[in-house]
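Have a look at the structure below, then the notes.
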Amino acid sequence: MNDDYSWLEEPQPDASQPAAGGSVGQRRGLRRFLPRLRRRRQTSQPADQPDASQTGAGGSVGQRRGLRRFLPRLRRRRQAPQPADQPYATAFLGGQSERPLTELDQRLQALRARSLAIEHKEEWQELYDVDQALTSPALQEKPGGVISAVALSQAQQAQVDLLTEIVGGQADTAQRPAKRGLVQRAALSLPNIPRLLTSALLLLFVALPFVSSDYAPGALPPAEFAADDPQAVAFYAGLDSLSPGDYVLVAVEYGLGAAAELDALTDLALRHIFARGGRVILATSNPIAYLHAQNIIDSIRVRAAQAGLRLVDGLDYLLLNYLPGGGLGIRELSENFADIARRSMGDTPTSLPIDSLLDMKMLLLVADSAEDVRNWVEQALPEAGTRRLYAATSLSAEPLTRAYVAGIDRFDGLVVGLRAAYTYGAMLDATFGIDPQTAAPATDDSVATAPTGGEEPGASNAVEAKPSPTPLPTATPRPTHTPMPLPTNTAVPTPTSTPAMLRIVEVTSPQSPVNIRVGPSTAQATLGLAYKGDTLAVLDTNADSSWYKIVMSNGWEGWISAIVVTEGLVPETASNGDDSASIARERSVMSRFYPRRYGKTEPRFSQANQVPFSTRGAIVQLRERGAEAQRLQALTMGTVAAVLAIALGNLVAAIGALVRRG
Amino acid sequence: MDVTTQQLLSVLFVFATAVLVLTARIWQWRGGSRRTLRPVSAFERIPGWSSQAIEADRPLHLAFGSASIGEDNTATALANAELFHHIIEKNSAGDTPPALSTSAPTTVPLANAKVAAAWLGAGGIRNVHWYPQGKRALGYAAGVTAVIGDDAPPAHILAGSFGAELGLILDSARRNQQGTLAVSDQLAGQAVAYAMADETLIGEELFAAPAYVSGDARAAADAIVMDVWRALLMILITMALVLGMAGQLPWLSGPLLVVVAVVGLVLGAILWTIRRRR
Amino acid sequence: MAENTLALISFVLTLMVFSYLLGDLPLIRHLYRSAVYIFIGTSAAFTLIVGYESLLLPFWQDVQNPATSWTVLGAQADRLIFYSALLFAALLLLKPVTRLGWLTNSILAVVVVMGAAVAVVGALRGTLLPLLIATARLPTLDADLGTLLESLLVLLGTLTALFSFHYQVNASDGGRYGLGKGFRTIGKALIVTALGAIYASTILSSLTILTERIAFLFQYGA
Amino acid sequence: MNRRPRVGSSLATVSGFLVGITAVLSLLLGDNLALFGVGEGADALAQSFALPGDVLLRLLVIVLALSIVFGIANLLILHTRRVAGGRPMSGVLLASFAGTIGWHITQRGDLALLETIQLPIESALAALLCVTLVAGGARILTRRSDSWGFLFVLVVVVVLLGSLPLPELAPIAAVSDWLLRIPVQAGARAILLGIALGSIVVGVRALLGQDRSLRG
C-alpha cells in the first residue's frame, strides 16, 4: 500500500528503547518538540491577529527552520510530492526516540504509548475485491521502506540543537488554552473595536428611518413590476391566470430565520391564489416551517372569516404532513402524492380530487436558499408533467435561482425579497382594488351572481343557501369519492321571512370533544368533532330519539348522540340576520378548527369558492400592512452602511498591506 | 428532448460513471498517476491544527453541517465522513477525541460510527453533537458557537453543507482565535466561507478532499473520474453548440444526442489515454 | 398569557441575542448563551412534536387502517414496510451498543445507497441534463447580436469555470504555465465573482431581517 | 495487512449494491410508460418496474422520520452529561425542551411559544448574522490580500451599490446587472454542474459499494 503517510505511522523497531545517542544533553525530546510546533503555527497565523504572536514571544526567525525545513526535503526524496506538507503530530510522537521515555512527564508518556499502539487500519475491502484480484503483490509497496532509514544530517542536527537552546527555557509553558493568563483573557474579552464600530454603524443606519422620516433615502419600489424584470412579470401573470377551483402546490421552504423576509411574499401569494378562487396545497420539508405555515394560513383565514369568507382546512387549503429528508421527501411527494394528502387529512374520506402532482395547476415555491430551489427543481419538477414552477425567494438565493430560471424550461417566474413584496402588494391592490363593502356584482366572472346583498361581508351564511354550482375542477382524472354530503347541500335551514324558533342541541358532555358520526350509531364512521358549548342545528332525530341528525356549521349533516347534548330552541334570526352575531358565532366555530388537531377528524367544508369573485378579492385587502415602506428605507440605509464598512475596512487593510510591503 | 431520451442518457451516464470509477480505481492502484493533484493550501493547515489539538488537549471540531445520509446531500456526507475519518485517525494520539457536529439526525449514527472506527486512542468518549435542525439551521450554528465554543477547540473544520449561518460560526471562531477551514455544498455557505474562513475549499474540492488528506491513491481516483467527466461535459457542450449553431441538423433530437454522447465518450477516453501515455 | 407579556418576552430575548455584539464580557456572554440554549431546547422540542404528530402518528394510524394501502401490494405489505422501517431505525439507533455490526452496517448501507440513488437521479435529471441542454442551446442565431454575444459569453464562462476545477496538473510545472493556466485564472475569476455576488445578496437578505428586528424593537419600545 | 473481506462488510456492500441499482433504475425509468411500449400489459409492467423504487423510498422516508429520535436522544444525553459534568447552562436547554413539550401537551397545539420564543430568537440570530457578515466582509483583504480578495470585495461592493434605489447610482446598477447576468450566471452554472457531477460520482461510488462508510 503506497500510502504516503504510512512511513510516518510506522514505529521504529527500537522505538521504546532509549536511542543510542539519547544523551541527556540532547534535548530534542517530546517536551521540547511540542511547544515549538505550537508556537510556530501561531506565528504563521495571519498578521492581523495581534494576540496570536503573544504566546510566541520567542518566535524568532530561527524557529521557522527546524522541522518544517527538513520535512519537505524528506518528502522530495520520495518523488511523490503530496499537497499536505505538514506532519501529523501522531506520527512524530510515534517516531520520537531521542529522549529516554522515563524523562517525559506522564501525559507525554501516555501520548507516546498511544501513538505507538496505533496501527494504520486498512479497511479497503472493495466489492468483489476487484483491486485485490487484479493487483499482484509485487506492486504493493511496503510501508516504511526507504523512509525509515532517514536521519538528520549534521547541519540539521546543529540547527535543531541551536533552536533547542533558544527556546529551551520556555518549554514548560505549554498550557491549555483554557488556562490563559489574566491579561490575555482580559484582552480577549474586550470587544474588538473595529467590529464594534461596524455593528454600531450598521445598527445606527438601520434604525434611523424608524426614528425620523428625514432619513428616508431612495425611491420606494414601483407600483408595478418593471418590464425589464420579465421573470417577476411572469410570476404575477402566472398566478393571476388561475381560475376558480385550480389547485396550486405551495412549497413553504424557509425557517423562522427568513420569516421576516419571506412571510410577506408567502402571504401575498396565498391571498392572490385565494382571491382567484384557487385552492392551496401547502408542503414543506422543514418541520418548523410546517408549524409556521399553519400560522400564516390561520391568520389569513381568521381575517377572511371576518369578511365572511370562509377558508376551510381540507378543501380550500390543505397542509401536507412535513416531508422528511429534504430532496428525498420531495421525491416521495411527487411519487406518492395522493397517499401523503390522504394521511395529512387524517382518515376522513375526502373529496379532495387530486392524486398526483399532475392535478396541480402550477407549483409555487417560497424558499430562502438555493438548495431548496435545487431540490424542488430536481425532485418535483421532472415529475410534474407540463406544470410550471414559480418561485419567490430571498435575496440570498437569487443569483443561483436566476441561473435555474434561465436554464430550465418550465421554471417560469421569480420574485425576490421585500422590494418585490412591496410591488406585488401594490399590484394586488390595484387588481383587487374594489372596496369589499361596495362590491359590484358585475365583476363576478366565475360563479352565478348572487343578487341579494350576498357580497356583503359576513353575509355568506345567506348566500350558501342558494344552489350555486360547486367550482370543483371537472377535469380531474379520478372521480371524487365522497360518502358524505357535498358542501352545497342545504346548510342552515333556509331563511324565511317570518322569525321562527330553531331547534338546536348544545354539547354538554363533560368529556369533550364528542364525535359527530355518519349515521346514528357508534359503529358508524366519525365525521367530525364537536366541543363542549358548541351548538348545532337539529334536522331530525332517529326513531327512539337517541341520536340527533344535526347540521354542522359547514353544512354537512351528521349524527350526534343524545347522551352528550342538551336540546334547546333559539330564534332563527340569530343564525343569519344579525351580521355581527353570526360572524361571532362563525368565528367561535372556526376557532374549533384552530389549531389543527393532528390525527383527529374534523369537519371540512367549503364556501369561500362560492362567494362571488368581487368579494373574494377582499381577501387581498384584508391583510395586515406592516411598516413596509420604513423597512425598505431602513434596508437602503443599511446597505449604505454595509458598503461603507466593507469599503473602509478593506481600504485600511489594503493600505496596511502596502505599508508592510513597502 | 423527450423523456425517453433523457432517461436513456441518464442510464448511460450512470453506467459510464460506474465503469470509470472502477477503471480509475484499478488503474490508480496499479501504477498511480504521474500527475499530481493540484496543490490546495487549505489541506496543509490540517496537520498543524491536529498537532495543536493533541498538545493542548482540546477537541478538534469537525462539522458536517446539514449533510445527511439518506437525503439529497448524501454524497457530501459521505465525502465528509471519509475526510473526517482520516483526520480523526491522525489525531488519535491525543487524549480528547474530536467533537463532531451535525444538524441532520441521520448523520448521528454515521458520525458515531466514524469516531468509533477511526479513533484509535484512549477514552473513545463519543463526542457527537446534534443541534436542530436541517438546512439553514440557525439553531445549529448558534449551538456550535455556544456549546462547542465552550470546549475551545483549536480549530473548526467545517466541511459539509452549510448555508449563510456559517457566518455566525466563523465569526465566533475568529473572535476566539480558533482556526477555521470551511467548505459547503450550498452556494451561500460557500460564499461566506470564502469571505470569512481562514482556509477555504471551493465546492467540488470537498469531494476530492479524502484524496488530499489521506494521500491514498484510490481516493484520488474519484478526483480523476470527475476530471474525466468534466472534460467530457465540456466536449459535449461544445459539440452540441457547434452542431446547433450550424443549424444543419435537427439538433437535440434524441438519437443525435446519443450519438454525440457516445462519440464524446470515445473521444474523451482516447484523449485521456494519450495524455496518460505522454 | 397577555399579549403584552408575550411581546415583552420576545423583546427581552431579542436583546439577549444582540448582546453577542458586545463581546465576550464576563456576565453578558451568559445572556447570549442562555438565549441560544433556550432556543435549541424549544426548537428540538418543536422538531420532535412535528415529527411525531405530523409524521409518525399518521403513518401509524394509516398502518392500522386496513382500508388504505400505500402500494398495489396491499395493507399487509404496508405493515411489513412500516415495521421493518421501525426495526431499521431501532438498529441504527442502537448501533453503538449492539454487537450486530454486520446487520447495522448493511442497514446503514441501504440508507446511504438509497440517498445516493435519489441524489444521483435528481442531479442527473434535475440539474445536469437540463443545464447542459440549456447551456448548449443558449446562443440562438436569430437573436440580435448583443443577445448572441451575451449568451456566448455565458457559455464560454461556464466552460472555463468548469475547467478551473480540474484537479490534476502536470507534475513538471505544477500547472503554473501555459494555456491551462490562463483558462484556470479566468475560470477562477468567474467563480470568485459568483461567490462575491452571492455574498452580497446574502448580506442584503440578512439586512432585510435586521430591519424587521429593529422595527420590532422600536415598535415595542414605543 | 489483512485484506480478507469480512462477512459483514460483504453483506453490506452486496445489499447496498443491489438496493442501489434497483433504486436508480426504478426511479429513473419507472415512471415512463413509453419505455415499455404501448402493447397490452405495458402499463402493468411499468408499474411493477416503479414499485421497488416506491417501496424503498417509503421505507427510507419512515426511517428518516424516525431518525429525529437519534438527534433528540443525542442532544438529551449529551447535555445531561454536561450538566453532570458541571456545566449548568446545559440545564437551561433541557428545561426549555421539557417546558416546550409540557406546554404542547397541556395547551394542546397552541403555537404561541413558537411565535414568542422561537421566532424572536431565530430572527435575532439571522439579524446578528447580518452584522457578522458585514464585519467579515470588512476584513476580507486583511486575510486574503491578493487579487482574488480584491476582486471579491469589488464584486460585493458593486452588487450592494447596485441594489440601492438611488438614481445617482444608475451606472453602477447597470454594471451590477451585467455582472449578475453574465459572469455570475456562468460561474453559478459551473458550480451547479460541478456539484451535480460531484454528487453523481460519489453517489455512484457508494452504489458500487466502494465507500468506506458502508463498513462503518
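No lab work stands behind these numbers, since they all come straight from the coordinates. Computed from a predicted model, the values in this text were never measured in an experiment. Cβ coordinates were reconstructed from backbone atoms using ideal geometry, including for glycine residues, and neighbour counts include every protein chain displayed.
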Worksheet item: Which of D:PRO165, D:VAL134, D:TRP148 sits closest to the plus end of the dipole of chain D, meaning its Cα is farthest towards the positive end, when Lys and Arg get +1 and Asp and Glu get -1 on the C-beta?
Response: D:TRP148
Item to complete: About the Cα centre of chain D, how large is the charge dipole given +1 on each Lys and Arg Cβ and -1 on each Asp and Glu Cβ? Please answer in debye to the nearest 20.
Response: 1320 debye
Practice prompt. Treat every Asp and Glu Cβ in region D:139-209 as -1 and every Lys and Arg Cβ as +1, leave all other atoms uncharged, and give the resulting dipole magnitude about the Cα centre to the nearest 20 debye.
Written response: 320 debye
Worksheet, complete the sentence: Non-local residues with an amide H under 5 Å from the amide H of A:ALA392, with H modelled 1.01 Å from N and Pro and chain starts lacking one, are A:LEU365, A:VAL366, A:ALA367, A:VAL415
Item to complete: Counting other beta carbons within 10 Å of each Cβ, put C:TYR52, C:TYR37, C:TYR20, A:TYR247 in order, fewest first.
Response: C:TYR52, A:TYR247, C:TYR37, C:TYR20
Worksheet, complete the sentence: Listed by chain and number, the residues whose amide H is under 5 Å from that of A:VAL565, excluding neighbours fewer than 5 places away on the same chain and using placed H, are A:THR508
Worksheet item: Between D:ALA44 and D:VAL14, what FRET efficiency follows from the Cβ-Cβ distance if R0 is 30 Å, with the result rounded to 0.05?
Response: 0.55
Worksheet item: Which far-off residues, 5 or more places away or on another chain, put their amide H under 5 Å from the one on A:TRP547, with H placed in the peptide plane?
Response: A:ASN542, A:ALA562
Fill in: Mean separation of Cα contacts under 8 Å (6+ apart) over length of region D:139-209, as relative contact order %
17 percent
Practice prompt. Treat the count of other C-beta atoms within 10 Å as a stand-in for reagent exposure and order C:THR202, A:THR423 from fewest to most.
Written response: A:THR423, C:THR202
Discussion item. Please list 3J(HN,Hα) in residue order for region A:218-234, calculated via the Karplus relation 6.51 cos²θ - 1.76 cosθ + 1.60 where θ = phi - 60°; whole Hz, with x for glycine and proline.
Written reply: x, 7, 6, x, x, 7, 8, 4, 5, 5, 7, 10, x, 6, 5, 4, 4
Worksheet item: Using r as the Cβ-Cβ distance of B:ASP57 and D:ILE105, and R0 as 51 Å, what FRET efficiency do you calculate, to the nearest 0.05?
Response: 0.75
Worksheet item: If each of D:VAL83 and A:LEU569 carries a label point 7 Å out from its Cα toward its Cβ, how far apart are those two points in nm?
Response: 6.2 nm
Response to the item:
Fewest-first ordering of D:VAL134, B:VAL183 by Cβ atoms within 10 Å yields D:VAL134, B:VAL183
Practice prompt. Take each uninterrupted DSSP H stretch in chain D, measure its Cα extent along the helix axis, and return the ones at 20 Å or beyond whose mean Kyte-Doolittle hydropathy is at least 1.6.
Written response: D:7-29, D:119-138, D:147-162
